[in-house]
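Enquirer: Pasting a structure here, questions to come.
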Amino acid sequence: MSTKPVPDTIPSAEAGLTGPPPQTYLLRLYVTGATAKSARAIANIKTICEEHLEGRYVLEVVDLYQQPELAQGQQIIAAPTLIKELPLPLRRIIGDMSSSERVLVGLDVRRNG
């Protein structure tokens, strides 16, 4: 009669205790050239993301002057505009992203109230 060695740990049971992976935020910031407002929006959103979404976000900056075709179908009416594509629901935030609280509520990172 042969016996099989018993492992020291049970990987499948331990793996289930970690919970679901954190959501990745897909963000697209539309700016208009190298203006002060555009630079402020880029710096502000990068700071907010590093502080609150570290390792869980992808940020794409689109200059509407250099790549206007990327804004087609996005209904961009003002710049800077931040679009949160994932996780759903899709959200739009307009402005220079200087109000961290407003941006966090818009990204569904914090609840309003």
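Enquirer: Identify the residue in region 52-69 that is in contact (Cβ under 8 Å) with a residue 12 or more places away in the chain and either open to solvent by less than 30 Å² (accessible area, probe 1.4 Å) or assigned to a helix (DSSP H, G or I) (or both) and, among all such residues, is farthest from GLN23 (Cα to Cα).
Expert: Ranking the candidates gives ASP63 first.
Enquirer: For region 10-23, indicate whether the set of residues that are at pLDDT below 95, out of contact with any Asp or Glu (no Cβ under 7 Å at 6 or more places or on another chain) and surrounded by 12 or more Cβ atoms within 10 Å (Cβ to Cβ) is non-empty.
Expert: Yes, region 10-23 has at least one match.
Enquirer: Among the listed residues THR81, THR35, which satisfies the condition of being of a type in the set (S, T, N, Q) and free of Cβ contacts under 8 Å to residues at least 24 places away in the same chain? Explain how you work it out, then say what you get.
Expert: On the way: THR81 fails: free of Cβ contacts under 8 Å to residues at least 24 places away in the same chain.
Residue meeting the stated conditions: THR35.
Enquirer: Still on this structure, I have one more. Going through region 86-113 one residue at a time, which ones are in a strand (DSSP E or B) and over 23 Å from GLY33 (Cβ atoms)?
Expert: LEU86, ARG91
Enquirer: List the pairs whose first member sits in region 94-113 and is in contact (Cβ under 8 Å) with a residue 40 or more places away in the chain and buried (at least 16 other Cβ atoms within 10 Å of the Cβ), whose second member is of a type in the set (S, T, N, Q) and assigned to a helix (DSSP H, G or I), and whose Cβ atoms are under 6 Å apart, counting only residues at least 6 apart or on separate chains?
Expert: MET97/ASN44
Enquirer: Restricting to region 70-93, and then to whatever is under 13 Å from the mean Cα position of the chain (by Cα) and not hydrophobic (A, V, I, L, M, F, W, C), can you tell me which residue is most open to solvent (accessible area, probe 1.4 Å)? Quick ask: steps written out before the conclusion?
Expert: First, pick out the residues of region 70-93 that are under 13 Å from the mean Cα position of the chain (by Cα): 82-93.
In the following step, the residues that additionally are not hydrophobic (A, V, I, L, M, F, W, C) were identified as 84-85, 87, 89, 91-92.
Working: LYS84: 3, GLU85: 40, PRO87: 19, PRO89: 65, ARG91: 87, ARG92: 104 Å².
Checked region 70-93; the qualifying residue most open to solvent (accessible area, probe 1.4 Å) is ARG92.
The values are calculated or read from the model by the stated rules, or taken from the named source; none is laboratory data. Predicted, not measured: the structure shown is a model, and the values here were computed from it. We place every Cβ from the backbone using ideal geometry, glycine too, and count neighbours over all the protein chains shown. Surface accessibility is based on the protein's heavy atoms, side chains included, excluding ligands, DNA and RNA. Shrake-Rupley method; radii C 1.70, N 1.55, O 1.52, S 1.80 Å.
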